[in-house]
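The values are calculated or read from the model by the stated rules, or taken from the named source; none is laboratory data. Note that the structure is a prediction, hence the values are computed from the model and not measured. Every residue, glycine as well, gets a Cβ built from its backbone with ideal geometry; the counts of neighbours run over all protein chains shown. Ligands, DNA and RNA are stripped out before the accessible areas are found, and what is left, the full protein with its side chains, is counted by its heavy atoms. Shrake-Rupley method; radii C 1.70, N 1.55, O 1.52, S 1.80 Å.
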Amino acid sequence: MNGMIFDIAHGSFVDGPGIRTTVFFKGCNLRCAWCHNPESHVSTREKLIFTDKCIHCGKCREVCPSPVKCVLCGRCADVCPRSAIHLFGEERSTSEILSEVLRDRVFYGNECDANGQPDPLKNGGVTFSGGECLLQPEFLKELLMACRSEGICTAVDTAGHVPEAVLADLLPQTDLFLYDLKVMDPGIHRQYTGVSNEQILANYRFLKKAGAKIIVRVPVIPGVNDTEANMNALRSFFEDAGRPEKVELLPYHRLGENKYRAKDIQPVEFNVPDQTRIKELYEVLRNIR
């Protein structure tokens, strides 16, 4: 089976426990104002032009087979001397991706839990991310099954805005969920992501009831969710729905802003939170019952 991805990162330390291989799926059904991967938004192949790198040499025009309408052949990107043109999105098969994952298995570790099974909270492994990987559920399921058959710990990084049935189908093949809870206030959530958080919170409850292992990740966005009120609401939610294995607060960064400009979109700019504020917010969450 084939699916649409836009990157594979080897040796990642930020997409779950241990050393990981992260497969980024293309396509997302949220539009978070702070997203640093705008190339993941649409599910089809697209071209980004980084005009600040362009030296107007004309090589791209010389090789273009369709100057009236771009056919996304990639020839312009191949000849650009400054790498000002990038194509994002490539169909890859399950076997192709599995072969890349297996290249890294020596780095994943072999820690076991109390039952003698590979421990997804200590070992590295493969993380399927995005975009939103759950928008390609059949492809994702085949990849999860292929990795599990090789004894590789699997993680699904999701915003949770999908039907419950999608999660229920993938749950038996998933060792760990990296679950985004961005903003607890429903109005603020819709304002900054474009969707309600009702399904997201309901799916978290479903996963907890089903016994899934979950690491919650909260992007800390000054002026949006970096308040004690939001952290208290998150803590109250965990006390009612069940606490995750871990909560990670991820400070906003500006690394994606140039990609918005390459898409001819003006990025929404936020301040970067300092570590003192991150520690204060962790302190609010510390005493979850």
Residue that is farthest from VAL42 (Cα to Cα) [pool: residues in region 238-287 that are part of a helix (DSSP H, G or I) and among the hydroxyl-bearing types (Ser, Thr, Tyr)]: THR276
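Residues to consider are VAL272, VAL247, VAL224; find the one that is touching a Leu at 6+ places or on another chain (Cβ under 6 Å) and at pLDDT 95 or above. Spell out the reasoning first.
Working: VAL272 fails: touching a Leu at 6+ places or on another chain (Cβ under 6 Å); VAL224 fails: touching a Leu at 6+ places or on another chain (Cβ under 6 Å).
Within the list VAL272, VAL247, VAL224, the selection yields VAL247.
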Residue list for region 28-40, restricted to those being within 11 Å of the chain's Cα centre (by Cα) and surrounded by fewer than 21 Cβ atoms within 10 Å (Cβ to Cβ): CYS35, HIS36, ASN37
Among the candidates PRO267, PRO219, PRO273, residue that is out of contact with any strand residue (DSSP E or B) (no Cβ under 9 Å at 6 or more places or on another chain) and surrounded by 17 or more Cβ atoms within 10 Å (Cβ to Cβ): PRO267
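Within region 244-260, how many residues turn out to be touching a strand residue (DSSP E or B) at 6+ places or on another chain (Cβ under 9 Å) and either among the basic types (Lys, Arg) or crowded, with 17+ Cβ neighbours inside 10 Å (or both)? Before you say what the answer is, go through the steps one by one.
Taking region 244-260 as the starting set, the residues that turn out to be touching a strand residue (DSSP E or B) at 6+ places or on another chain (Cβ under 9 Å) are 244-252, 259.
Within this subset, residues satisfying the condition of being either among the basic types (Lys, Arg) or crowded, with 17+ Cβ neighbours inside 10 Å (or both) are 244, 246-247, 249, 252, 259.
Within region 244-260, residues that are touching a strand residue (DSSP E or B) at 6+ places or on another chain (Cβ under 9 Å) and either among the basic types (Lys, Arg) or crowded, with 17+ Cβ neighbours inside 10 Å (or both) number 6.
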Failed item, numbered, when GLN191 is tested on (1) in a helix (DSSP H, G or I); (2) over 17 Å from the mean Cα position of the chain (by Cα); (3) surrounded by 14 or more Cβ atoms within 10 Å (Cβ to Cβ): (3)
Residue that is most open to solvent (accessible area, probe 1.4 Å), among those in region 64-77 that are over 21 Å from ASN258 (Cβ atoms) and not hydrophobic (A, V, I, L, M, F, W, C): LYS69
Criterion (among the aromatic types (Phe, Trp, Tyr) and touching a Gly at 6+ places or on another chain (Cβ under 6 Å)) met by exactly one of PHE13, PHE25: PHE25
